[in-house]
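The values are calculated or read from the model by the stated rules, or taken from the named source; none is laboratory data. Computed from a prediction, not measured in an experiment: that's the story for all the values here. Cβ sites come from the backbone with ideal geometry, for glycine too, and all protein chains shown count toward neighbours. Quick note on the areas: whole protein, heavy atoms, side chains included, nothing else; ligands and nucleic acids left out. Shrake-Rupley method; radii C 1.70, N 1.55, O 1.52, S 1.80 Å.
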Amino acid sequence: MSSRRIRVGIIGAGGIANYHAKCYMQVPYVELVAVADVVEEKAQKFAKAWGIPEENVFTNHKDMLDSVELDAVSVCTPHAFHASISIDCLKAGVHVLVEKPMATSGDEAYEMWKTSLETKKILMVAFQTRYDPELRAAREIVQSGALGKIYYGETTCYGGRRRGIPGESFTRKDTARGGVLLDLGCYSIDNAMFILGHPRPVSVSAITASAIGTQEEAVVKGGWIWNPRAFEVEDFVAAFIRFENGLVLVLKDSWAMHANTLGTTFFLGTKGGLKLWPLEVYRDEWGYMVDIKLHELPKVNSFLRKIEEFSRAVRDGLPSPIDPREIVIEQYIIDAIYESAKKHKEVEVKLPQDLLQK
Ligand SMILES: NC(=O)c1ccc[n+]([C@@H]2O[C@H](COP(=O)([O-])OP(=O)(O)OC[C@H]3O[C@@H](n4cnc5c(N)ncnc54)[C@H](O)[C@@H]3O)[C@@H](O)[C@H]2O)c1
């Protein structure tokens, strides 16, 4: 452990950037020293809120990289800019924590990963879910072999949202590229892949729909408020994903639907099964079917833990706490889901060869 302090900058000073700042403030050896946002007032407001000196406020991340000595950045822009900005930062010799989704395509994510290898800089995708105690317990249980061979699973974020379409930067093609699949589906895929130990995906059959987001009358009381005139992406996705080991994973996510749930996240194995949130394990014991609940999982602020792990890796010269290679593979699954939905047929998950070699 080193006693070194680290200097961090934020790129994109919107909603989530404030959570990053709040958490960095709780890491004693981190100094939040600079901010860049294309909207100057947002950058100024953010700097004022978090004590960043006025001379370190920028409207272009490249100016920030040229002017301020930084160890690391958080990239908190809309999805469409994650790849190019992260690559600029890595090439400038700065470690990167990039918000989810890692990128908007497999090829973008692949280039980010390659750049992190070439520059020997940390590239971490900001999946705080990796520190969720239930998810970690589920992974431990599955990886212990106690459930036998897992042959089927379903994965979803919150069982789908009935009316939870986010703001314009998520619904416009120029800033988001895609909708609920990139926003929430990336979690659903990563949660499942983490639990399952990252099996190799082979093919996908999927549907995406833009069913509700453009309807003015669907902005109803009790739901989130969004702009139907700026809705250019999908609000529903379902996919049937096949893996090399025979396993099938069904993904279902929605930002809006006329139903109250899409179900739960669960996995079926030959010797047992489990479901998440709350975590329950199903097995046969003593000649009976038993349901097992875990007592007293640790209480963890997963978002803070994510920032702490990234900061520690930067300070101590450790590898990325979340291997970006895993997430690149997941981005190619997302590509295949969009391709299958467009072509109305099953498609192969195309992965570059060197991505498969550990
Ligand atoms: N990990 C989480 O829990 C979590 C939660 C919410 C959002 N996110 C992710 O964080 C990202 C941002 O989401 P948000 O809700 O903060 O969005 P937001 O629209 O509130 O903020 C984005 C900010 O980036 C700025 N920006 C746009 N282009 C830029 C550029 N090229 N350079 C610098 N700044 C630029 C915008 O002006 C805006 O201030 C999204 O990719 C989203 O998926 C993650």
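So for the stretch 252-265 (the condition being part of a strand (DSSP E or B) and within 16 Å of the ligand (Cβ to nearest atom)), does at least one residue qualify?
Checking the stretch 252-265: at least one residue is part of a strand (DSSP E or B) and within 16 Å of the ligand (Cβ to nearest atom).
I'm trying to understand the selection: among the residues of the stretch 42-80, which are away from the ligand (no atom under 15 Å from the Cβ), in contact with a Leu (Cβ under 9 Å, 6 or more places away or on another chain) and either open to solvent by 40 Å² or more (accessible area, probe 1.4 Å) or part of a helix (DSSP H, G or I) (or both)?
Within the stretch 42-80, Gly51 is the sole residue that qualifies.
For a quick check of your reading of the model, give me the residue pairs whose first member lies in the stretch 137-159 and is acidic (Asp, Glu), whose second is surrounded by fewer than 21 Cβ atoms within 10 Å (Cβ to Cβ), with beta-carbon atoms closer than 7 Å and at least 6 apart or on different chains.
Partner pairs satisfying both residue conditions: Glu154/Val250; Glu154/Gly263; Glu154/Phe266.
Would you be able to say whether some residue in the stretch 309-319 is of a type in the set (A, V, I, L, M) and buried (at least 21 other Cβ atoms within 10 Å of the Cβ)?
Within the stretch 309-319, one or more residues are of a type in the set (A, V, I, L, M) and buried (at least 21 other Cβ atoms within 10 Å of the Cβ).
Name, by its number, the condition in (1) more than 14 Å from the chain's Cα centre (by Cα); (2) without any contact (Cβ under 8 Å) to a residue 60 or more places away in the chain; (3) assigned to a helix (DSSP H, G or I) that does not hold for Ala83.
It is condition (1) that Ala83 fails.
Count, please, the residues in the stretch 1-41 that happen to be away from the ligand (no atom under 15 Å from the Cβ) and open to solvent by 50 Å² or more (accessible area, probe 1.4 Å). Give the steps one after another, and end with the answer.
First, pick out the residues of the stretch 1-41 that are away from the ligand (no atom under 15 Å from the Cβ): 1-8, 25-33.
Imposing the further condition that a residue be open to solvent by 50 Å² or more (accessible area, probe 1.4 Å) reduces the set to 1, 3-5, 7, 25-26, 28, 31.
Number of matching residues: 9.
Would you mind finding the one in Glu154, Glu140 that is assigned to a helix (DSSP H, G or I), away from the ligand (no atom under 14 Å from the Cβ), closer than 25 Å to Asp284 by Cβ and open to solvent by 20 Å² or more (accessible area, probe 1.4 Å)?
Glu140
For the stretch 210-230, state whether one or more residues are of a type outside the set (S, T, N, Q), touching a strand residue (DSSP E or B) at 6+ places or on another chain (Cβ under 7 Å) and at positive phi.
Checking the stretch 210-230: not a single residue is of a type outside the set (S, T, N, Q), touching a strand residue (DSSP E or B) at 6+ places or on another chain (Cβ under 7 Å) and at positive phi.
Going by the conditions given, is Ala218 open to solvent by 10 Å² or more (accessible area, probe 1.4 Å), away from the ligand (no atom under 16 Å from the Cβ) and outside the structural domain of Ala109 (by TED's automatic domain parsing)?
Judged against the criteria, Ala218 is not a match.
Hey, any hits in the stretch 114-133 for a residue that's within 18 Å of Thr264 (Cα to Cα), away from the ligand (no atom under 16 Å from the Cβ) and not aromatic (Phe, Trp, Tyr)?
yes
When you go through Val98, Val27, Val94 one by one, which is the residue that is under 20 Å from the mean Cα position of the chain (by Cα) and closer than 18 Å to Glu309 by Cα?
It is Val98.
State all residues of the stretch 81-92 that are out of contact with any Lys or Arg (no Cβ under 7 Å at 6 or more places or on another chain), more than 10 Å from the ligand (Cβ to nearest atom) and not polar (S, T, N, Q); if no residue qualifies, say none.
Selection gives Ala83, Ile87, Cys89, Lys91, Ala92.
Do we have Phe170 as within 16 Å of the ligand (Cβ to nearest atom), more than 27 Å from Asn245 (Cβ to Cβ) and either assigned to a helix (DSSP H, G or I) or not assigned by TED's automatic domain parsing to the domain that holds Gly272 (or both) here?
Values: within 16 Å of the ligand (Cβ to nearest atom): yes; more than 27 Å from Asn245 (Cβ to Cβ): yes; either assigned to a helix (DSSP H, G or I) or not assigned by TED's automatic domain parsing to the domain that holds Gly272 (or both): yes.
In short, yes.
How many residues are assigned to a loop (DSSP other than H, G, I, E, B) and not hydroxyl-bearing (Ser, Thr, Tyr) when one looks only at the stretch 206-230?
Selection size over the stretch 206-230: 13.
Can you name every residue in the stretch 231-248 that is of a type outside the set (Gly, Ala, Ser), in contact with a Phe, Trp or Tyr (Cβ under 8 Å, 6 or more places away or on another chain), assigned to a loop (DSSP other than H, G, I, E, B) and within 21 Å of Glu348 (Cα to Cα)?
If the condition is that a residue be of a type outside the set (Gly, Ala, Ser), in contact with a Phe, Trp or Tyr (Cβ under 8 Å, 6 or more places away or on another chain), assigned to a loop (DSSP other than H, G, I, E, B) and within 21 Å of Glu348 (Cα to Cα), then Leu247 is the only one that fits.
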